[in-house]
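Just so you know, all these numbers are worked out from the coordinates, no wet-lab data involved. Treat the numbers as computed from the prediction; the structure is a model and nothing was measured. Don't worry about glycine lacking a Cβ; one is built from the backbone with ideal geometry, like all the others, and counts go over all protein chains shown.
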Amino acid sequence: MASAAFQRRSFAPGETIFNEGDPGDSLYVVEQGAVRIWRGRADHPTVIGRVEAGGVFGEMAIFDRKPRMAHATALEDCVLMRMPTSILRESLYGADPLLRQLVQILIDNIRTMARRLDELEGRVPPAADA
């Protein structure tokens, strides 16, 4: 990945990087600091994970063009490298079709599990096909 494709941005502790439901227009690489990935409400979050220096997040929405499935918030002072969707998609289009299909299946499975968790926690009504 060419460094020219990235845009560097700093975030303060507690600052929102993106919200659940936002368009997935980029992925992020944590250059410095740590980011919390979570779902639900701020007063009762379901923490999915913590991404530290060298980690990547926000990639799922780029693959399937669906809205963000979680919130991302800076846990401490962070420097993030943002890569716009268009740059990554150019690389994906050149990938083996079988590999692209496998990635899509994995993402669909993750989104399905997240939806089921939301149902179990009462955040959304059960799906008709459940």
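Annotations
- Dividing the helix sum by the residues of the chain, where each DSSP H run of 4 or more adds -39500 (n - 2.57), gives a mean residue ellipticity at 222 nm of -9000 deg cm²/dmol.
- Taking the number of Cβ atoms within 10 Å of each Cβ as an exposure proxy, the fewest-first ranking of THR85, THR46 is THR46, THR85.
- In sequence order, region 100-107 has phi-based couplings of 4, 5, 4, 4, 4, 4, 4, 5 Hz under the Karplus curve 6.51 cos²θ - 1.76 cosθ + 1.60, θ = phi - 60°, and Gly or Pro positions carry x.
- Subtracting the Cα-Cα distance of LEU117 and TYR93 from their residue separation scaled by 0.36 nm leaves 5.5 nm.
- Calculated log₁₀ intensity ratio I(q)/I(0) where the Debye formula runs over C-alpha points of region 7-120, q = 0.10, 0.16, 0.18, 0.19 Å⁻¹: -0.30, -0.76, -0.95, -1.04
- Along the chain, counting only trypsin sites (Lys or Arg not before Pro) with a DSSP assignment other than H, G, I, E or B and at most 15 other Cβ atoms inside a 10 Å radius, the longest segment between sites is 1-64.
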